[in-house]
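Novice: Structure in structure tokens, see below.
The values are calculated or read from the model by the stated rules, or taken from the named source; none is laboratory data. Everything numeric here is computed off the predicted structure, so don't read it as measured data. Here the Cβ positions follow ideal geometry from the backbone for every residue, glycine too, while neighbour counts run over all protein chains shown. What goes into the accessible areas is simple: the full protein's heavy atoms, side chains included, and nothing from ligands, DNA or RNA. Shrake-Rupley method; radii C 1.70, N 1.55, O 1.52, S 1.80 Å.
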Amino acid sequence: TTTTVAEILNVDVVWQDAGNVTVNPGDTGRVLTFQVTNTGNGADDYTLAGLSALAGDDFDPTLIGIYLDSNGNGSYHSGTDVQYVSGTNDPALPADTAVTVFFLNNIPGSLSEGDLGNSQITVTSKTGSGAPGTTVSNAGENGTDAVVGTSGGIDADTGSYVVSALAVSVVKSVGIADPFGGSEPVPGAVLTYTLTVGVVGAGRAQGLVITDPIPADTTYIAGTLNLNTGPLTDAADADAGDVGATTPGVVTVDLGDLTNASGIQTITF
């Protein structure tokens with residue numbers, strides 16, 4: 001007696017963001033991240049569908065595109081990750097493999113602090129879906145039957161945005177000391193740049209990084225980068241800043257997570 005194992009059609013979709021994605025009114029291209037996993041026992045192709053007009057939330061985001069994680073790093077990168085087009089680049093997944101999918105939404109302009117907006121992805125097996133146990137004759141790998149599994153060959157999950165009135169301000173100024181004891185920008189003068197960074201409103205600015213190119217026709221004076229009067233090394237190391245290491249010719253300072261209670265952060269170089 002010979003028994004041939006049939007292909008089971010199962011798929012699982014999970015929202016990947018750690019929590020509600022914080023947005024401001026009028027934001028564009030804000031990303032929700034999902035993972036699609038083929039939990040069946042054979043290779044399968046899937047169609048993706050997005051819906052951002054859902055009941056039960058406070059506002060409807062505007063879905064502008066679904067993108068596939070082309071380089072497999074789990075983070076959306078414009079110009080690298082490819083936009084999904086149904087029927088053209090439907091994800092093809094071997095058994096027990098996954099692909100990361102990004103939803104890009106625009107956020108309406110007139111919203112209130114704490115408003116929630118949801119966006120849903122639905123993933124469907126192209127081989128078959130329906131009631132668990134449904135058989136699709138000769139549709140499995142190597143001509144076997146395919147049987148719809150417990151997921152019904154379809155799954156969905158929802159990601160959420162939360163509106164924050166949080167705003168980040170950056171003010172830049174320059175002080176000039178010329179070689180003659182004055183403040184004229186003549187050759188040989190020293191320009192001291194100051195950037196003050198503040199957060200107002202409720203919420204948290206996550207992973208705030210300030211970048212500032214070294215101006216043309218100037219030369220950075222080594223060892224002059226400071227954060228809140230504390231010196232930072234120019235190299236990329238354990239402290240918060242570097243000059244030219246992260247990006248050539250650019251001052252980079254990682255301020256981390258800031259709230260209104262963090263107070264003004266002052267960068268000088």
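Novice: Please report the projected area of the range 1-96's Cα convex hull averaged over all directions, in nm².
Specialist: Projected area, direction-averaged: 9.0 nm².
Novice: Another question about this same structure. In square nanometres and to one decimal, what's the mean projected area of the convex hull around the Cα atoms of the range 27-161?
Specialist: Averaged projected area of the range 27-161's Cα convex hull equals 9.2 nm².
Novice: Let me ask something additional. Full-extension gain between D45 and I176, please, as 0.36 nm times their residue separation minus the C-alpha to C-alpha distance.
Specialist: 40.8 nm
Novice: Assign unit charges at the C-beta atoms only (+1 for Lys and Arg, -1 for Asp and Glu), then state the dipole size of the range 1-150 relative to its Cα centre in Debye, rounded to the nearest 20.
Specialist: I would put it at about 200 debye.
Novice: With charges set only on the Cβ (+1 for Lys and Arg, -1 for Asp and Glu), what does the dipole of the range 106-172 come to about its Cα centre, in debye to the nearest 20?
Specialist: So the magnitude is around 240 debye.
Novice: What number do you get for the range 113-173 when its Cα radius of gyration is normalised by 2.2 N^0.38 Å, N = residues?
Specialist: Normalised Rg, Cα atoms only: 2.11.
Novice: Something else now. Write down Rg/Rh for the range 197-242, rounded to two decimals, with Rg from the C-alpha atoms and Rh from the Kirkwood relation over Cα pairs.
Specialist: Here the Rg-to-Rh quotient is 1.03.
Novice: Got the relative contact order for the chain handy, in percent, Cα pairs under 8 Å and 6 or more residues apart?
Specialist: 19
Novice: Moving on to the next point. Could you state the orientation-averaged shadow area of the convex hull built on the Cα atoms of the range 1-44, in nm² to one decimal?
Specialist: The orientation-averaged projected area of the Cα hull of the range 1-44 comes to 4.6 nm².
Novice: When ligands, DNA and RNA are left out and all protein chains stay put, how many square angstrom of accessible area per residue does the chain have with a 1.4 Å probe?
Specialist: Result: 50 Å² per residue.
Novice: Carbon and sulfur together cover what percent of the accessible area of the chain at a 1.4 Å probe radius?
Specialist: 51
Novice: With the Cα gyration tensor of the chain in hand, give its eigenvalues times 5 under a square root as the equivalent ellipsoid semi-axes, listed largest first in whole angstrom.
Specialist: 52, 22, 14
Novice: Follow-up. Could the peptides 100-110, 172-182 be put in order, highest first, of the mean number of other beta-carbon atoms found within 10 Å of their residues?
Specialist: 100-110, 172-182
Novice: Please sort 48-54, 258-264 by packing, taking for each peptide the average over its residues of neighbouring beta carbons within 10 angstrom, highest first.
Specialist: Top to bottom by mean Cβ count within 10 Å: 48-54, 258-264.
Novice: Hey, could you pull the Cα Rg and Dmax for the range 191-269, both in Å?
Specialist: Looking at the range 191-269, its Cα Rg and Dmax stand at 12.8, 41 Å.
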